[in-house]
Structures are given as structure tokens and as C-alpha cells.
Amino acid sequence: MKKIKIGKIELKNNLMLAPMAGITDLPLRILAKENGAGLVYTEMASAKALVYGDDKTKRLLKINDAERPVAAQIFGGDAHSMGEAAKIVQGLGADIIDINLGCPVRKIAKAGAGAKLLADEKLISKILAAVVQNVEIPVTIKIRIGLVPGQNVAPEIIKIAADNGVKMAAVHARYASQGHSGEPDLQAFAETCAGAEIPIVANGGIIDEITAERFMKIPNCSGLMIGRGAIGNYSIFSGLDSFFNKGKKLPKAGKGERINWFKKHAEMSAEYYGEPKGLIMMRKVCHYYVKDLPNAAKIRDMFNKTQTLSEFNKIFNDYIS
């Protein structure tokens, strides 16, 4: 697996943690980086909220040197706010700016952003130009293959991106209408890679060596971006790095390792946000850690009422450790 260079930034490997709203906050990104991710992405941030000076949105983009290089993802439906937001993001210390052109969530689509933009190539071109021209750091994009099955707009969008100075594209090989379920369209992804002039990174349903290899066998696929398959399973990055770069398959993380990550994540979250917010933020990912454990449903129910680290530790000691 040849290393990707994004602008002047050379990654240690081509394995990336995908941006996930409400999930890829600073504690989780550090866990991914400690376990082998070559690049991590922030949650997506609203360009308009950044322009209006919203402190809560800026906090989404707070960066720690331990996670570098880090890409900050922004979304918006007009060129002016996206260009202005890009300058703000650069000022906040991001190494790379990523533009979301793939989020299928209705709230984002109603704002004319995310996957909604795939139907307007002229507007995409204006947005990309505004962002690239307003910053000195590299700009990347994350897109879907298309809006509905059979509609592969990705090759043309990537051509537009390359023409506007974008350095890399992550392609979620499902259609926006599929959300996060269903099989990726490998043929459409292969067509997307075929004529691309910038590195193409695969995304969508990657959970192990088998699902990763089916993408990496496609000519011109330069790397892998892993989303839900990495939550509570952070060694997927070091495992895939060993598999593709050393030809050695590492053992999968066991329950003990997952439990240790759970405890560390809770401690980091409590420290970062304070209590009770840090424990409340963990509720979105708890099920990834406790699945397959005895009393998993009871643990989830108890954890969803937990607001302090001491309460978490009691549950941990009584039911998990």
C-alpha cells in the first residue's frame, strides 16, 4: 500500500478514521490514532455556525497535537460561507480541511448541503474553489457514489475536485438513499477510481481484512476510511496496516481489550468535557463496547443513567471487569 501524500502531508499509512457526527470527538480520535490510524477526521461542523462565531461548533474542531495530522470536516450549501469557514478552520489549527459532499441526513439535505450538493455540479465547483482559494492547507472531499442506485456521479465530481485543486477524495461506495446499510457498489467504485487524477480512498462497510481487501484489489484505490467498524475496535487500523503492508494477519481484539478501551474512553471523555457531560456523550458509543458481554442490555440501561465517573466505575467493577 503506497503511502498517500495530501499536499505536503505524508501519512504514516493510508488508513483513516471517518468523520462521524456526534461520535468522532477528541477522545475517540486519540484512541484511533494511538491504535494506528494514519489520519483522523473531526465531526462535521456547520460553515454558517463557524462564520457566526458559535463556540459550540468551534469546540468540535478543538485539536490536540497527539492526534496530528487531523482533518477538520465542514459542510454548507453556499460558496461564501464555506470559504469563510475554511479560513476559520485553518486558524483553529487543522492540518487538512475536508468538505462534506455525502451526508444523507435530511436535516443537512434541507440546508442544501451534504449529499444534496451531488445534484448541482456548478455549485460544487464554486464551493471547492472558494475553500481552496481561501486557505494554504490541503483540501479534500468526502462524497457518495450518487443519490440513488444506478446514478454514479462520483467520477465527474472528482474531476471537478481535481480541477479546483482538491488533493484527495474519500468515496463512500453506497448511495445516499442507502444510508449506512446495504452492500457498497464495488463496480461503481471501480469506475470512479479508473480515471481519477487524485488519490481515491474507499469508505463504506469496512469492518475487517475481507471487506477491506475487496476495495484494495480495485486498481487506483489508494487507501481505506473506516467509520463504524472502528468504534470500540481501534486495533482495526494496526491490523489492516500489518495485513496490507507486512502480509501478516494479527489476532482480532478480544473482549478484554474492548473493555479496556471502554474504560479509557470514559475517563478521557470525563476529563475533556467534565462531568456529567462526558459520561452523557459516551451514551452514543456504549453499545459498541458492551456488545456480546453478559448482561449487555442491563449494562447499557444502567450506563444510560450514569452521570459521574464514580457511577461508571461501579457499573464497570460490578458487571464488566
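The values are calculated or read from the model by the stated rules, or taken from the named source; none is laboratory data. Please read all numbers here as calculations on a predicted model, not as lab measurements. No Cβ is skipped: glycine too gets one built from the backbone with ideal geometry, and neighbour counts run over all protein chains shown. For accessibility, only protein heavy atoms count, side chains too; no ligands or nucleic acids. Shrake-Rupley method; radii C 1.70, N 1.55, O 1.52, S 1.80 Å.
Just to be sure before I move on: is Ala196 more than 18 Å from Lys33 (Cβ to Cβ), touching a strand residue (DSSP E or B) at 6+ places or on another chain (Cβ under 8 Å) and not in a helix (DSSP H, G or I) in the structure I sent?
For Ala196, the condition - more than 18 Å from Lys33 (Cβ to Cβ), touching a strand residue (DSSP E or B) at 6+ places or on another chain (Cβ under 8 Å) and not in a helix (DSSP H, G or I) - is met.
Just a yes or no: is a residue in the stretch 39-53 at pLDDT below 95 and either hydrophobic (A, V, I, L, M, F, W, C) or surrounded by 23 or more Cβ atoms within 10 Å (Cβ to Cβ) (or both)? Within the stretch 39-53 (the criterion being at pLDDT below 95 and either hydrophobic (A, V, I, L, M, F, W, C) or surrounded by 23 or more Cβ atoms within 10 Å (Cβ to Cβ) (or both)), the answer is no, since none of the residues qualifies. Test Lys110 against the criterion of being out of contact with any helix residue (DSSP H, G or I) (no Cβ under 6 Å at 6 or more places or on another chain) and surrounded by fewer than 22 Cβ atoms within 10 Å (Cβ to Cβ), and give yes or no. Against the criterion (out of contact with any helix residue (DSSP H, G or I) (no Cβ under 6 Å at 6 or more places or on another chain) and surrounded by fewer than 22 Cβ atoms within 10 Å (Cβ to Cβ)), Lys110 qualifies. Taking residues in the stretch 173-199 that are on the phi < 0 side of the Ramachandran plot, and partners anywhere that are of a type in the set (Asp, Glu) and not in a helix (DSSP H, G or I), the pairs with Cβ atoms closer than 8 Å and at least 6 places apart or on different chains are Ala173/Asp185; Arg174/Glu183; Arg174/Asp185; Tyr175/Asp185. Taking the criterion of being farther than 19 Å from Val285 by Cβ, open to solvent by less than 10 Å² (accessible area, probe 1.4 Å) and either in contact with a His (Cβ under 6 Å, 6 or more places away or on another chain) or aliphatic (A, V, I, L, M) (or both), the residues of the stretch 204-231 that qualify are Gly204, Ala212, Leu224.
Count of the stretch 295-311 residues, restricted to those that are open to solvent by less than 70 Å² (accessible area, probe 1.4 Å) and farther than 13 Å from Met281 by Cα, is 4. The single residue among Asp292, Asp241 that is farther than 25 Å from Thr140 by Cβ, among the charged types (D, E, K, R) and in contact (Cβ under 8 Å) with a residue 24 or more places away in the chain turns out to be Asp292.
Looking at Ile206, Ile210, just one residue is free of Cβ contacts under 8 Å to residues at least 12 places away in the same chain and of a type in the set (A, V, I, L, M), and that residue is Ile210.
Taken as a whole, the condition of being touching a residue at least 24 places away in the same chain (Cβ under 8 Å), open to solvent by 10 Å² or more (accessible area, probe 1.4 Å), touching a Ser or Thr at 6+ places or on another chain (Cβ under 6 Å) and polar (S, T, N, Q) applies to Asn35.
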